[in-house]
1. Are there any pairs, at least 6 apart or on different chains, whose C-beta atoms fall under 6 Å, with the first in the range 38-56 and closer than 15 Å to residue 7 by Cβ and without any contact (Cβ under 8 Å) to a residue 40 or more places away in the chain and the second of a type in the set (Gly, Ala, Ser) and part of a helix (DSSP H, G or I), and if so, which?
2. Say we look at the range 17-34 and pick out the residues that are exposed (fewer than 11 other Cβ atoms within 10 Å of the Cβ) and not charged (D, E, K, R); which of these is modelled with the lowest pLDDT?
Amino acid sequence: MDCHFESICESCTFFVTTIEFRPTLERQRDDAVAKGQVAREQIFDGLLTRLDEQAD
């Protein structure tokens, strides 16, 4: 998780993910939390929230 461009795709308005990637997104969010990267954490929180909303 050391790529400087790791969350660039997730910030793109064309980015789409699916529930299969939830574990990866959670790990990326947790990594951001551990490193104190609030903006990156918010990106992954938003993606996880959208996945939850789609599942409902």
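The values are calculated or read from the model by the stated rules, or taken from the named source; none is laboratory data. Small disclaimer: the values here were computed from a predicted structure and weren't measured. Cβ: placed from backbone, ideal geometry, glycine included. Neighbour counts: every protein chain shown.
1. 40/32; 41/32
2. Applying the first criterion (exposed (fewer than 11 other Cβ atoms within 10 Å of the Cβ)) to the range 17-34 yields 18, 20, 23, 34.
From what's left, not charged (D, E, K, R): 18, 23, 34.
Working: 18: 88, 23: 95, 34: 98.
Result: 18.
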